[in-house]
1. Relative to the present Cα-Cα distance, how much length would full extension add between residue 119 and residue 99 at 0.36 nm per residue of separation?
2. Which percent of Cα-Cα pairs in segment 168-320 sits in each 10 Å bin, short to long?
3. Please give the direction-averaged projected area of the C-alpha convex hull for the chain, in square nanometres with one decimal.
4. Filter the cross-link list 137/216; 216/305; 137/254; 32/137; 137/305 down to pairs whose alpha-carbon distance in this structure exceeds 26 Å.
5. Taking a virtual spin label 7 Å from the Cα of residue 190 along the C-beta vector, which residues in segment 154-174 bring their backbone nitrogen under 13 Å of it?
6. Order these peptides, 307-316, 161-170, by their mean beta-carbon neighbour count within 10 angstrom, highest first.
7. So how much slack lies between residue 286 and residue 44, counting 0.36 nm per residue of separation and subtracting their Cα-Cα distance, in nm?
8. Kirkwood Rh and Cα-based Rg: tell me the resulting Rg over Rh for segment 52-95, rounded to two decimals.
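Bear in mind these aren't lab numbers, they're just calculated from the coordinates by the rules spelled out. Bear in mind that the values here come from a model prediction, so they are computed numbers and not experimental data. Every residue, glycine among them, receives a Cβ derived from its backbone with ideal geometry; neighbour counts consider all protein chains shown.
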Amino acid sequence: MTGNTAPMRDPSQQSLPPPPDTPPEDSSHSDKRTAGAEMARVLRTEPFRMALDSTGAGIAHWRHDPLHDVVEPMNHHVVMAYNGVMQRMERRSGRSVAIGTFRPGVLIIIPEGSSSRWDIPKPVDVVQLYLPDATLKRVADEAGTSSAAELLERTAHPDPVTSRLLLSAADALEGHSTLDDLFRHQLTDLLATRVLAAHTGSPTAFHPTMGGLSPKILLRAIERLRSDSDADVSLDALASDAGLSRFHFCRAFKESTGLSPHAWLRQHRLEQAMKMLRGSDDTVVTIAAALGYSSQTAFAAAFRKLTGETPSDWRRRHAR
């Protein structure tokens, strides 16, 4: 996911996909809707959560009723992880019929531009990744592989690791724009890597990164991540500073630090929060705003996720 993204939140708090009768806006894809718009049309509901960039790429969490309709061609690849009750479903593409069992641990893939009829008899809880073909090609190129092959249609195909990664995305965003953008960029590249490795006609082999960043480049990256100014800490900026692709930078950074860039920055923000809670009389609201969280609630939830305590409870135990 590239470009500016908004935190994943309730759809009532953000712009929703165009209504069913709204024509596509992108003239370069005049015969295809964005994935979010097409899903809104066919599912006839609003997303439970959605985080998209300006191109329509991103993540959406849908809870919808039984489906008996045709999904028209979209201008993104759609990768879905299922998180509902086990049920049989049917997918028709032309004369081809695929019957599968929806259950946790399986993936559904709709390649860009394809169309199929879906018959799903029970309500569905699903997290979807809207993946531009350009992202697949970039990841394949950065990994030094051959050109990205065509994605395969998958219908309830077992892939528990990729499914778990995608499902976790719905709950991993914290209401902190810098952290959330970095997380989504990393997750999209990681999922693109896994899709290329397992769900194309010519699976791609990704070789482990050998060695980490040089001390000088690592220091530069950490200085950028630690900056309290408005420095750009996007994955693109970090990789550019290092003179590496996003693919190789993430792997080399983790080799050097043991953490992904997102996990490192998240840990740094937690340490900043603890220092401010322990060493100042600032309110939790003030600290949340100073650290870049969208609200006190978002800050408290992120803090509790990492420490097991609310900021207020932690402060009482560690007061000066």
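1. Numbers: separation 20, 0.36 × 20 = 7.20 nm, distance 0.96 nm.
So the chain would gain 6.2 nm between residue 119 and residue 99.
2. All Cα pairs, binned at 10 Å, distribute as 10, 36, 30, 18, 5, 1, 0 percent.
3. Numbers: hull surface 70.9 nm².
Reported value for the Cα convex hull: 17.7 nm².
4. On the way: 137/216 30 Å; 216/305 33 Å; 137/254 23 Å; 32/137 20 Å; 137/305 35 Å.
Correct reply: 137/216; 216/305; 137/305.
5. Correct set: 161-173.
6. Values: 307-316: 15.0, 161-170: 18.7.
The densest-packed peptide leads the list: 161-170, 307-316.
7. Numbers: separation 242, 0.36 × 242 = 87.12 nm, distance 4.04 nm.
Contour length minus Cα-Cα distance gives 83.1 nm.
8. Numbers: Rg = 13.0 Å, Rh = 13.3 Å.
Across segment 52-95, the Cα-based Rg/Rh ratio is 0.97.
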